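Below is one structure, written out as structure tokens, with a few remarks after it.
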Amino acid sequence: MKRRRFLQIAAAAALTPRGAVAETRSRIALGAETRITLYGPREMTGPALAEVEALLDHVEALFSLYRPTSALSQLNQSGALDAPSPTFLDLLQLSRRLHDQTAGRFDPTIQPLWRALAEGRDPSAARRLIGFDRVQIGADRITLGPGQQLTLNGIAQGYATDLVTAALARHGLTRALVNIGEHRGLGGPWRVGLSDPAHGALGQITLTDRAVATSSPGALHLSGSEAHILNPLGGSAAQWSTVSVTADRAALADGLSTALCFADLAEIRSIAARMEENVTIRLIDHSGDLRTL
């Protein structure tokens, strides 16, 4: 199932005697309708936007499931990838840490199961392929277990958000809101709405040099009643209608919000205690009640 995505970049010059200048661009980017808002003088925003364009091209070339020439597609097609780029290797290593910290709740080897369910096929064989511990990650070569494929859709948007935010900071910008499916504020405060597909708007989250990612299993279904976010450990349906995680990095918030959809409250508390970073977790249950950890 393909999704078209558009990137809109709005660059506004800081308020000066001449006023503000706005610029908007559109393009296809990773998996979501995306918007980046910058504040700064044109001589800073112009080079920053040029680097963002090149950076997003690079991210697509690495992590896209829809480009047959991407590094991820090549890995899935052949089962191995020689000489992975440092960026690709970094994201896989981050995925491995998150897999370990969540005791397997975050698992990129879910891709064959996702495809089987999306195509209406018997998922039994695909379920047996799940297991990120079978993936060998080395600086010179990445190797999948027999029959395995990866999806990085549960973390790549957040990772791209972090890369873009870092690029903006390198150009001297101090106030920006990056939204590539997940949000990260450079400076702030920025206000981001929290909503649930079943219960609507539930308030706002304020970000200052922080990131937030939100996952709602019921927002999209693959076939029948099967939610688009899958349980790699099998068993129970999603415990929560929506999970929203605030963290220093959008990649961590992205992966964690995906992983926690199927964890009960006691398990979520245990996982949060293992995190090296300070995280805030907002849970919306199926009755629409919101609790914050």
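The values are calculated or read from the model by the stated rules, or taken from the named source; none is laboratory data. Small disclaimer: the values here were computed from a predicted structure and weren't measured. Please note: Cβ atoms are built from the backbone with ideal geometry, for glycine as well, and neighbour counts cover all protein chains shown. The protein model used for the area step is the full one, side chains on, heavy atoms only, and it has no ligands, DNA or RNA in it. Shrake-Rupley method; radii C 1.70, N 1.55, O 1.52, S 1.80 Å.
So how far apart, in nm, are the two label points at Gln77 and Arg121 if each is 7 Å from Cα heading toward Cβ?
With each label placed 7 Å out from Cα toward Cβ, I get 1.8 nm.
The chain: longest stretch without exposed chymotrypsin sites (Phe, Trp or Tyr not before Pro) (DSSP loop, at most 16 other Cβ within 10 Å), sites themselves excluded?
For chymotrypsin sites (Phe, Trp or Tyr not before Pro) (loop position, at most 16 other Cβ atoms within 10 Å), the longest site-free span of the chain is 67-293.
Pop the C-beta distance of Ile137 and Arg269 into the FRET formula with R0 = 30 Å and round what comes out to the nearest 0.05.
Calculated value: 0.55.
Counting only heavy atoms of the protein chains, get the accessible area per residue of region 37-158 (1.4 Å probe) and round it to a whole Å² value.
Accessible surface, normalised per residue, equals 43 Å².
From largest accessible area down, sort Met275, Met44; use a 1.4 Å probe on the protein chains.
Putting Met275, Met44 in descending order of accessible area: Met44, Met275.
Rounded to the nearest percent, how much of the accessible area of region 149-293 (1.4 Å probe, protein heavy atoms only) is carbon and sulfur?
46
Let me know the charge dipole size of the chain about its Cα centre in debye, to the nearest 20, where only the beta-carbon of Lys, Arg (+1) and Asp, Glu (-1) is charged.
400
Among all helices in the chain defined by DSSP H, which have a length of 20 Å or more along the axis from Cα atoms plus a Kyte-Doolittle mean of at least -1.0?
Passing helices, by number: 42-63, 86-101, 156-170.
Where a ≥ b ≥ c are the square roots of the eigenvalues of the C-alpha gyration tensor, would you call region 108-247 rounded, which needs a/c under 1.5, or, failing that, prolate if a/b is larger than b/c, or oblate?
oblate
May I ask you to list the trypsin sites (Lys or Arg not before Pro) in region 255-285 that are in a DSSP loop and have at most 11 other Cβ atoms within 10 Å of their Cβ?
Those that pass, being in a loop and sparsely packed, number zero.
Which distance in nm do the two modelled labels at Thr292 and Arg67 give, with both placed 7 Å along the Cα-to-Cβ direction?
Here the modelled spin labels are 3.9 nm apart.
Quick one: dipole size for region 145-269, taken about the Cα centre, charges +1 on Lys/Arg Cβ and -1 on Asp/Glu Cβ, in debye to the nearest 20.
420
What are the GluC sites (Glu not before Pro) within region 229-291 that DSSP puts in a loop, where the Cβ has at most 14 other Cβ atoms within 10 Å?
Here the sparse-neighbourhood loop sites are Glu276, Glu277.
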